[in-house]
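One structure is given here, and the rest of the page talks about it.
The values are calculated or read from the model by the stated rules, or taken from the named source; none is laboratory data. Note that the coordinates shown come from a computational prediction; the quantities given were computed from them, not determined experimentally. FYI the Cβ positions are ideal-geometry reconstructions off the backbone, even for glycines, and counts take in every protein chain you see. Side chains are part of the model used for accessible areas, which takes the heavy atoms of the whole protein and leaves out ligands, DNA and RNA. Shrake-Rupley method; radii C 1.70, N 1.55, O 1.52, S 1.80 Å.
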Amino acid sequence: MTQTAMQAAPEATPRPNSDLRALYTQMRRVRTFEERVGELFVRGQSAGSMLHLSIGEESAAVGVCAAMREGDTFTTHHRGHGIFLARGADPNRMMAEIGGKETGYCHGKGGSMHIADMGLGHLGANAIVGGGIPAVVGAGIASKRAGKGDISVAFFGDGAMQQGILYESMNMAALWDLPVLFVCINNQYGMGTRIDQATKGHELHLRARAFGLRGETVDGLDVTEVRETAQDLVDAARTGQPGFLAVDCYRFFGHARMDKSPYRKEEEEALGRQKDPVLHARAALIGAGVTEDELDGVDNDIAREMDAAIDFAVASQEPQLASMFRDVYGPDEPEPEPVRTRIDRVLARE
Amino acid sequence: MVQMTYRDALRQALRDAMAEDDRVFVIGEEVGRYGGAYGVTKGLIEEFGSDRLMDTPISEAAIVGAAVGAAMAGLKPVAELMYVDFIGMTMDQLGNQAAKIRYMFGGQIGVPMVLRTQGGTGRSAGAQHSQSLEAYVLHTPGLRLAMPATVADAYHLLRGALRQPDPVVFIEHKALYTLKEEVDLSAPVPDWGKAAIRRKGDDLVIVTYSRQVHNALKAAEELAARGIEATVIDLRTLNPLDFDTIRAEVERVGRAMVVSEGVMTAGVAAELSARISEECFDFLHDPVVRVAGEDIPISVSVALEAASVPTTALVRETAERLVA
Ligand SMILES: Cc1ncc(C[n+]2csc(CCOP(=O)(O)OP(=O)(O)O)c2C)c(N)n1
Ligand SMILES: [Mg+2]
């Protein structure tokens with residue numbers, strides 16, 4: 001371990017969400033939401049086919065987000081539904097955005113891969129692998145200046161571990177002692193490429209340590225462990241010691257909705273899906289004396305919540321055509337002139 | 001004659017080029033085992049092996065940079081960029097390296113590589129996966145640019161690109177992969193660098209390329225039903241640009257319209273329109289009109305996406321008003 005990695009966080013932050021029950025509930029919400037997104041797609045109500053589900057990765061989103069607090073900011077990759085939900089997103093507005101509807105977080109302009117909400121500190125999901133990572137360096141500079149102890153967290157996949165921009169960003173974060181955390185959700189695949197087909201350097205956290213960050217890897221099976229490891233790194237980041245966390249998990253389904261993963265064996269998938277953080281947490285709760293009935297009650301409430309999100313999205317309107325010229329520039333700036341208007345002027349000439 | 005899709009034709013071109021010349025290899029994300037994000041390279045790894053279909057990590061800048069080096073070292077790389085929207089990540093390697101090496105080094109060496117990619121709207125893929133960025137390429141001297149519209153051209157332009165002494169950016173259209181046409185790949189096509197006149201008429205000339213060729217042809221058909229006859233020119237390559245064909249048609253007909261899916265401002269249509277206006281001024285009865293993409297990002301909303309690029313209706317109406 002590097003010297004920084006060994007320093008203890010100076011003061012422990014209160015851990016309001018640390019109980020397993022809350023973590024389980026959040027993970028179940030993420031899973032059920034993702035299952036419903038799949039349904040939205042099947043019903044022809046989603047905008048496009050580029051839907052990336054985070055089933056199997058719930059502990060990464062929920063464990064890390066539980067260690068964050070209001071005021072913190074974050075960016076995500078294209079598989080970010082679970083992270084946003086775990087930071088408090090409204091499933092209705094999320095589902096509507098995924099459906100490309102006016103009532104969505106971004107009025108139907110962004111969709112699944114470009115969802116954001118400044119109110120919740122979500123600086124944006126990204127369809128460019130690695131595209132959202134450097135923003136946390138900038139947000140970290142702003143947090144540091146503001147001096148309120150807020151941090152900024154970048155969530156990305158293992159695929160982004162091979163993009164140069166990650167290393168430029170980590171280096172700056174370390175150089176300037178920024179309150180920043182880099183979280184790699186290592187689901188073993190980038191599309192059809194297994195991580196060992198993309199790199200020979202498998203101890204991902206060592207790369208971060210080489211730049212002077214605190215770096216850890218945690219098994220995503222146990223959400224409590226993810227949460228605790230994340231909490232240590234988050235607490236350190238608040239004091240200006242940037243960190244990196246790799247969460248090991250498995251992408252249960254295809255890369256996107258259309259992908260049936262022909263490039264991997266069924267046995268491998270079956271094995272991978274045994275690493276189920278939701279079922280693992282459920283078993284732990286039952287072991288601690290919670291009844292099946294109680295947990296079924298939790299699950300049923302969540303199912304209703306997410307059904308309502310589908311209904312909300314389906315019932316919502318498409319954006320008005322005129323809205324397409326809005327928000328290219330600031331609110332008081334003139335909108336770009338429609339092509340039709342420009343053609344009219346050319347043809348009106350006599 | 002065989003029925004073939006645009007996707008099949010691209011694959012056939014790669015297959016034939018690789019069989020003919022063992023210096024040719026493909027390098028990019030998901031090109032081998034997965035068979036390409038849009039299935040273009042499907043099956044080629046079984047035929048040619050993983051040394052010639054190199055699956056890469058997600059590292060676009062290095063993919064293009066490696067292709068530059070391989071080309072300088074005597075190989076013939078076909079690098080694949082999954083979406084043209086990622087071109088920004090490779091722009092230094094493309095714009096500062098590939099494009100300038102021959103010139104900067106006094107003509108000692110060229111960079112004969114092909115960068116295959118795809119762009120355009122049609123899949124509700126959102127702002128970062130739907131763009132038409134050909135103007136970025138056209139604005140860089142040293143880079144060639146091909147954009148096939150037909151199945152036969154998917155084949156022949158890709159074969160042609162691999163015979164060039166210089167880097168070629170080859171932009172396919174994501175909405176054309178399933179286009180199926182009867183083709184005879186041994187039948188002659190216009191040479192590399194020559195435009196194709198896809199339809200001939202006396203009332204106006206529509207200059208276009210890539211998917212908008214099909215849009216323009218559809219509009220031309222509707223115009224013919226209304227008594228207006230349009231020439232439709234498919235540019236095939238934008239660099240080299242076959243301005244002779246454009247000039248001859250515009251001088252003959254006296255009216256021109258340019259159709260492009262890229263955004264209107266400072267786009268390919270702007271360049272073409274300026275050039276026609278300047279060089280054919282004395283022959284024009286009317287101003288050259290551009291029908292192009294709106295100056296906005298592409299939304300994921302299906303309705304907004306469709307309205308962001310030229311529709312058949314807009315092309316037809318504009319043509320009617322221009323001729324009236
Ligand atoms: C710069 C860039 N390159 C390639 C892609 C295409 N692409 C989208 S997701 C993806 C795989 C990403 O893998 P990973 O980062 O591990 O995230 P995961 O999908 O596993 O969550 C690829 C190659 C992209 N969107 N952006
Ligand atoms: Mg991954």
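A few notes on this one:
- Meets criteria (outside any loop (DSSP other than H, G, I, E, B) and within 11 Å of chain B (Cβ to nearest Cβ)) for A:MET161: yes
- Comparison of A:GLY130, A:GLY159 shows that the only residue that is within 11 Å of ligand 1 (Cβ to nearest atom), at positive phi and crowded, with 24+ Cβ neighbours inside 10 Å is A:GLY130.
- Checking every residue in the range A:246-258 against the condition of being more than 12 Å from ligand 1 (Cβ to nearest atom), of a type in the set (Phe, Trp, Tyr) and in a loop (DSSP other than H, G, I, E, B) gives zero matches.
- Residue selected from the range B:282-294 under the condition within 20 Å of the chain's Cα centre (by Cα) and not small (Gly, Ala, Ser), by the criterion least open to solvent (accessible area, probe 1.4 Å): B:VAL291
- Selection from the range B:291-309 of residues that are within 8 Å of chain A (Cβ to nearest Cβ) and of a type outside the set (Gly, Ala, Ser): B:VAL291, B:GLU294, B:ASP295, B:ILE296, B:PRO297, B:VAL300, B:VAL302, B:LEU304
- Only residues that are of a type outside the set (Asp, Glu), open to solvent by 60 Å² or more (accessible area, probe 1.4 Å) and within 14 Å of chain B (Cβ to nearest Cβ) were counted across the range A:302-331, and they come to 6.
- In the set (1) within 20 Å of the chain's Cα centre (by Cα); (2) within 8 Å of chain A (Cβ to nearest Cβ); (3) open to solvent by 40 Å² or more (accessible area, probe 1.4 Å), B:VAL263 fails one condition alone, (2).
- Residue match in the range A:188-209 (condition: within 24 Å of A:HIS78 (Cβ to Cβ), buried (at least 19 other Cβ atoms within 10 Å of the Cβ), more than 13 Å from ligand 2 (Cβ to nearest atom) and β-branched (Val, Ile, Thr)): no
For every residue, the table says whether it meets (1) open to solvent by 10 Å² or more (accessible area, probe 1.4 Å); (2) away from chain A (no Cβ under 14 Å).
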{"residue": "B:ASP16", "(1), (2)": "yes, yes"}
{"residue": "B:GLY28", "(1), (2)": "no, no"}
{"residue": "B:VAL31", "(1), (2)": "no, no"}
{"residue": "B:GLY35", "(1), (2)": "no, no"}
{"residue": "B:TYR38", "(1), (2)": "yes, no"}
{"residue": "B:THR41", "(1), (2)": "no, no"}
{"residue": "B:ILE45", "(1), (2)": "yes, no"}
{"residue": "B:MET54", "(1), (2)": "yes, no"}
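- Filtering A:ALA283, A:ALA288 for residues that are touching a residue at least 40 places away in the same chain (Cβ under 8 Å), surrounded by fewer than 16 Cβ atoms within 10 Å (Cβ to Cβ) and over 21 Å from the mean Cα position of the chain (by Cα) leaves a single hit, A:ALA288.
- If you go through the range A:320-350 and keep only what is outside any helix (DSSP H, G or I) and at pLDDT below 95, you end up with A:ARG349, A:GLU350.
- Residue in the range A:181-202 that is closer than 30 Å to B:ASP55 by Cα, away from chain B (no Cβ under 14 Å), among the polar types (S, T, N, Q) and without any contact (Cβ under 8 Å) to a residue 40 or more places away in the chain present: no
- Pick from the range B:66-84, criterion part of a helix (DSSP H, G or I) and open to solvent by 20 Å² or more (accessible area, probe 1.4 Å), ranking: nearest to the other protein chains (Cβ to nearest Cβ): B:ALA66
- Against the conditions (1) more than 16 Å from ligand 2 (Cβ to nearest atom); (2) open to solvent by less than 50 Å² (accessible area, probe 1.4 Å), A:ILE185 satisfies every one except (1).
- One residue alone among A:GLY243, A:GLY212, A:GLY297 is on the phi > 0 side of the Ramachandran plot, open to solvent by less than 60 Å² (accessible area, probe 1.4 Å) and more than 16 Å from ligand 2 (Cβ to nearest atom), and that residue is A:GLY212.
- A:TYR167 fulfils the conditions (1) of a type outside the set (Gly, Ala, Ser); (2) open to solvent by less than 50 Å² (accessible area, probe 1.4 Å); (3) within 14 Å of chain B (Cβ to nearest Cβ); (4) within 16 Å of ligand 2 (Cβ to nearest atom) except for a single criterion, (4).
- The condition of being within 14 Å of another protein chain (Cβ to nearest Cβ), open to solvent by less than 10 Å² (accessible area, probe 1.4 Å) and touching a strand residue (DSSP E or B) at 6+ places or on another chain (Cβ under 8 Å) holds for only one of A:GLY80, A:GLY99, A:GLY111, A:GLY121, that being A:GLY80.
- Residue in the range B:173-196 that is within 26 Å of A:GLU337 (Cβ to Cβ) and in contact with a Leu (Cβ under 6 Å, 6 or more places away or on another chain) present: no
- Within the range A:40-63, restricting attention to residues that are within 18 Å of A:ILE115 (Cβ to Cβ) and either in a helix (DSSP H, G or I) or in contact with a Cys (Cβ under 6 Å, 6 or more places away or on another chain) (or both), the residue that is nearest to the other protein chains (Cβ to nearest Cβ) is A:PHE41.
- Residues that are within 15 Å of the chain's Cα centre (by Cα) and away from ligand 2 (no atom under 16 Å from the Cβ) within the range A:76-94 comprise A:PHE84, A:LEU85, A:ALA86, A:ARG87, A:GLY88, A:ALA89, A:ASP90, A:PRO91, A:MET94, listed in sequence order.
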